[in-house]
Amino acid sequence: MSFLVPACEFVLCYCWFAVSVGYWKDPYIQYFVRQAKERKAPEINRGYYARVHGVSYLIKAFLEKTECNCQIVNLGAGMDTLFWRLKDENLLPRKYFEVDFPMIVARKIHNIKSKPPLSKPIMESHSGDSLLIDSHSLDSSRYSIVGADLRFSSDLEEKLKKHSLDVHLPTLLVAECVLVYMTPQQSANLLKWAASTFPVAMVINYEQVNMRDRFGQIMIENLQRRQCNLAGVELCSSLDSQRERLLVNGWENARAIDMMKVYSFLPQADVKRIEALEFLDEKELFEQLMQHYCICWACKDSSNLGLANIDF
């Protein structure tokens, strides 16, 4: 899985460029970027805009239903800056966890330790005993970073519990282009573990869809050229297969929509604003790309918080 380290860098660079052009605001991403800005195609920038806003919409809906009396577990978080952005909006959950490979976690912690704009908000939100930090984990009262391999859920659970994971608290699990890099059995084990561990929970999965058509095959070939092996791509054949994967692994009320539909649901005044940032020549390519990514979400709601009503 060593190819996931450069993959994490790709995502970071794409987001950094889109932020620098003005697609959305993220004052923290600059502190994680190593490379100089490189121009990215407008259809890619719009795709990332839809991804960030679509996932963020569902996260905020969960925070609203739980009144932030919950925890978030960001699976394969990479250099994600969501913790800092939620803090700025006064929307922090009781605790926010990030999990990724130890090599990626080590780099993130190094950046946090060496950049006051990243470390200061963590200190501000921390209360109680001294903050614990070493090269492969960080643990404060509101934010934890854990180095773990998501393919081994018993090891994952043990590490999260050491960082004060509370299985009785409403829990949101977020996975963005993570499950597709695991075999179907490995991702099933992870989803089953989460569904059986948390009585009140929601999962959000952003990844590829419709991958059996010609465009999908070209996407797979392009990723293979970068040594990115999509071990779980067979589950990305359709919106139905994405929904079914969640249902068979213990989740309820599963939904899945492609990113073209998500884009149409976003606030149209802001969509108009970003569409004016760059001229888009390849409208058909943009639509094809968006039809090959999706957001799926499902829940378990024994406390009747209304999680099944979360929708665009």
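Its relative contact order, with pairs defined as Cα atoms under 8 Å and 6+ residues apart, puts the chain at 20 percent.
Of the two radii for the chain, the radius of gyration is 0.93 times the Kirkwood radius, both from the alpha carbons; that is the Rg over Rh value.
For segment 1-78, applying the loop criterion from DSSP together with a ceiling of 10 other beta carbons within 10 Å to the GluC sites (Glu not before Pro) yields Glu38, Glu67. Heavy atoms only, probe 1.4 Å: what % of the accessible area of the chain goes to carbon and sulfur, would you let me know? So the carbon and sulfur contribution to the accessible surface is 51 percent. Residue pairs exceeding 29 angstrom between C-alpha atoms, taken from Lys37/Lys192; Lys40/Lys65; Lys95/Lys115; Lys25/Lys162; Lys120/Lys192; Lys113/Lys192: Lys37/Lys192; Lys40/Lys65; Lys25/Lys162; Lys120/Lys192; Lys113/Lys192.
Taken over segment 79-148, the ratio of Cα radius of gyration to 2.2 N^0.38 Å equals 1.01. Residues in the chain average 45 Å² of solvent-accessible surface per residue, probe 1.4 Å, ligands and nucleic acids excluded. In vacuo Debye scattering of segment 156-312, one point per C-alpha: log10 I(q)/I(0) at q = 0.13, 0.15 Å⁻¹? One equal scatterer on each Cα of segment 156-312 leads to -0.70, -0.89. Placing +1 on the Cβ of every Lys and Arg and -1 on the Cβ of every Asp and Glu, with no other charges, gives the chain a dipole of roughly 500 debye about its Cα centre.
Each Lys and Arg adds +1 at its Cβ and each Asp and Glu adds -1 at its Cβ; summed about the Cα centre, segment 105-170 shows a dipole of about 340 debye.
The values are calculated or read from the model by the stated rules, or taken from the named source; none is laboratory data. Not measured: the values here are computed from a predicted model. Cβ atoms come from the backbone with ideal geometry, glycine included; neighbour counts cover every protein chain shown. To get the accessible areas, we keep the full protein, side chains included, count just its heavy atoms, and leave off ligands, DNA and RNA. Shrake-Rupley method; radii C 1.70, N 1.55, O 1.52, S 1.80 Å.
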